[in-house]
Every structure is written in structure tokens, then in C-alpha cells.
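Bear in mind these aren't lab numbers, they're just calculated from the coordinates by the rules spelled out. The structure presented is a predicted model; accordingly, all values stated were derived computationally and were not measured. In this analysis, Cβ positions are derived from the backbone assuming ideal geometry, glycine residues included, and neighbour counts consider all displayed protein chains.
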Amino acid sequence: MMKCGFVAIIGRPSAGKSSLLNAICGEKTAITSPIPQTTRNAVRGIVNTPAGQIIFLDTPGYHLSDKKINGYFKDSVLRSINEADAVLYVIDASRLPGREEFAVMELIKKTRLPIAVAVNKTDLQPPHLAEIRGLILARLQPAALINVSALQSLNIRELRDAIMELCPEGLPHYPPDCYTDQTPEFRMAEIIREQAIARCGQEIPHALYVDIADMEFTPSHGGNESMEYPLAAPELSPKKLWVRAFIMVERSSQAGILVGHRGERIREIRIASLRAMKKIFPWKITLDLRVKVHPKWRKKDPLLKQMYGAED
Ligand SMILES: Nc1nc2c(ncn2[C@@H]2O[C@H](COP(=O)(O)OP(=O)(O)OP(=O)(O)O)[C@@H](O)[C@H]2O)c(=O)[nH]1
Ligand SMILES: [Mg+2]
């Protein structure tokens, strides 16, 4: 009998959840960066093997903070847990667990779902590895506890197979050639955000979001363009896509940094984004990318709800 299950990926910011998802999927499904709190939405990555299908829900890093925006991220973690048949707990083995890590363990324990633990970043030869494994075993009863490296793809297949074991029996939810359910619009915004984060300092990443303002195909086919997955192969799609996007920041000083001297930085972000888009979309894309200031957007509930809230 085939397996099919939803698996929530839970862990602290920067534990390597999204990197691990990409390693397991073998596709770049979720954006990653060294800045904590990169992931903001529960992003789905789908893995198919002869044994069955796993639908991973990558979540924002679980973070103890009272900021308004963080409440949305926490809710997203809880919603993913509610939807899940099992939990993949990712822990960064290069950091000794503290208060926040123990809070994550508590949260996971409370779910009563089967747990697989990925002890990540073992490529860094973490000195506290044995201690961390001991702490996990003392606090959780994981069905699997596996040392991995998302960066070097160590033990990824073992982890994947162990997670499949935890999934219930069932038929696949998605066609086998799907590896994500994100809309092209969402993925474009994420790609631009990743490239912007990679090119600015520590504080700006949290202050920016990307707005895809306009998308238009030429030649147009009456506006009813199919953007359903799986996308057509490039040779089957002679269409051109024109996209206008804004990188939104909170202050004009941040806008200045993103634009750069004579527009150098925004140009780099645009070119790198196009390069990344070319790898996953079948269309020839023209990107009009600008920076705009949206003061205090992180305090505005309607926007936060629209971007990071529940779907309905
Ligand atoms: N050395 C090493 N670095 C890793 C590994 N996995 C991830 N990283 C790095 O850790 C940083 C965070 O990775 P992400 O995958 O974005 O982490 P995340 O848990 O999704 O973070 P949030 O979305 O912010 O919660 C990035 O700089 C990754 O390159 C690993 O196995 N080894
Ligand atoms: Mg992430």
C-alpha cells in the first residue's frame, strides 16, 4: 500500500528547515538565507518515491517574540501542525539549546504526532552533538533521530525514508510531477526577496517584502492564462511574461541602500532574480523592479493578514 502524509517542518529560525526541504525535494522550493526569519509562509514541498508521497510544510522559524508580525508567523506554525500527520523537527547542532529551543521541543511534544528529528549542520563538526542528541531523547520520544547536513546532503535519503515510514497509508494528493503548490506569483516574489536579502545588511531583510504589482503575458490569450503546475516545458511555451514588482521597505534610508549607488544594487537584484526565474519558469520574462517605501507596514494588520494570515 502507498503512503501519503503531510509533514510539518518545525524548528528555530535559521536551523536549516528550508535548506533541508530543498535537499529532500531535490528542487529549490523554498528560499534560504543566513538571516533568521527568512521563511514567512508555510511553503509546500512535495516528494515522491516508489513508497509514496510526502507533502512537507516548511514553516517560519519558531521564535519567542511579542512583535505583531511574529504572531502571524506563530499562527502559521500552528496551522501547519494542525494539518500534519507527522513532524520533522530540525535542530541546529552547532548551537547549544537554550530557552527558545526547549520551547520548540515543548510545542512539538504537545502535538502528539510522530516525530522525526534532523540534527542539522553536522558538517560543522559541532562539539555538543552527543549532548544535543541526549537532550532530545530525554524530552521527546522521536521515531527517528538522524544526523544530517542539508548543505552537504548528508543522510538526506535516510531521513526521507524514515519520514515516509511515519506517514499514513493513502493515495497521492498531488500529481507525481509536482514538487510545490506555490503560485508563480508567490515564487517570483520569494525569489526577488531572497536576492534582495542576499545583498543588504542585517536589519533590512526584516523590513522588506515584495509586491508583484502586475503580470502580463504577450501575446495575450484573452487574459485567461494557465499558470497551473506543472508548468509547460520552455520549448512548448513561446510566451513572454512582463512583470512589475516592488521591493517595499519601511524607510527611505533603506530604499537608498537597496537602490545603491547609481542604481547598481537594484540592478544586481533584478538580474540575479531573472537568472533564478529562468531556471524554473518556461517563459521569457521581463522584470521591471523598483523600490518603494511603505512606512510601518509590519504594524498593519490587514496587510499582514493578507500576506501571512490564514487562507480563508
Ligand atoms: N553549515 C551548514 N549550514 C547550513 C546547513 N543547513 C542550512 N545551513 C545554513 O543556515 C542558514 C539558514 O538556513 P535556512 O534553510 O534558511 O534556515 P531556516 O530554518 O529555514 O530559517 P528560517 O526560515 O529563518 O526559520 C543558511 O545560511 C544556510 O546556508 C547545514 O547543514 N550546514
Ligand atoms: Mg526557512
> If the cut-off is a Cα-Cα distance under 17 Å, which aspartates and glutamates reach residue 67, setting aside same-chain residues fewer than 8 apart in sequence?
Replying inline: 75, 100, 203, 250, 301
>> What do you get for the angle between helix 99-111 and the principal long axis of the chain? Use alpha-carbon atoms, 0 to 90 degrees, nearest ten.
In response: 80
> Pairs 110/296; 121/284; 109/292; 3/74; 110/279; 28/74: which exceed 31 Å Cα-Cα?
Replying inline: 110/296; 121/284; 109/292; 110/279
> What 222 nm value per residue comes from the helices of the chain, counting each DSSP H run with n ≥ 4 as -39,500 (n - 2.57) and dividing by all residues, nearest 500 deg cm²/dmol?
Replying inline: -11000 deg cm²/dmol
>> Can you report the principal axis dimensions of the stretch 14-122 using only the alpha carbons, biggest first, rounded to whole angstrom?
In response: 43, 30, 26
> Which angle between 0 and 90 degrees, to the nearest 10, do you get for helix 156-166 versus the longest principal axis of the chain when only C-alpha atoms count?
Replying inline: 70
>> Which of 273, 253 has the fewest other C-beta atoms within 10 Å, and how do the rest follow up to the most?
In response: 253, 273
>> Using only Cα atoms and rounding to the nearest 10 degrees, what angle (0 to 90) does helix 129-139 make with the longest principal axis of the chain?
In response: 70
>> I'd like the Kirkwood hydrodynamic radius of the chain, using the inverse of the mean 1/r over distinct C-alpha pairs, in Å.
In response: 20.5
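All other residues with a Cβ under 13 Å from the Cβ of residue 137 taken together, and with Lys, Arg as +1 and Asp, Glu as -1, what is their net charge?
+2
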> What ranking do 294, 261 get, fewest neighbouring Cβ atoms within 10 angstrom at the top?
Replying inline: 261, 294
> What distance in nm separates the simple spin-label points at residue 311 and residue 112, each placed 7 Å from Cα in the Cβ direction?
Replying inline: 2.6
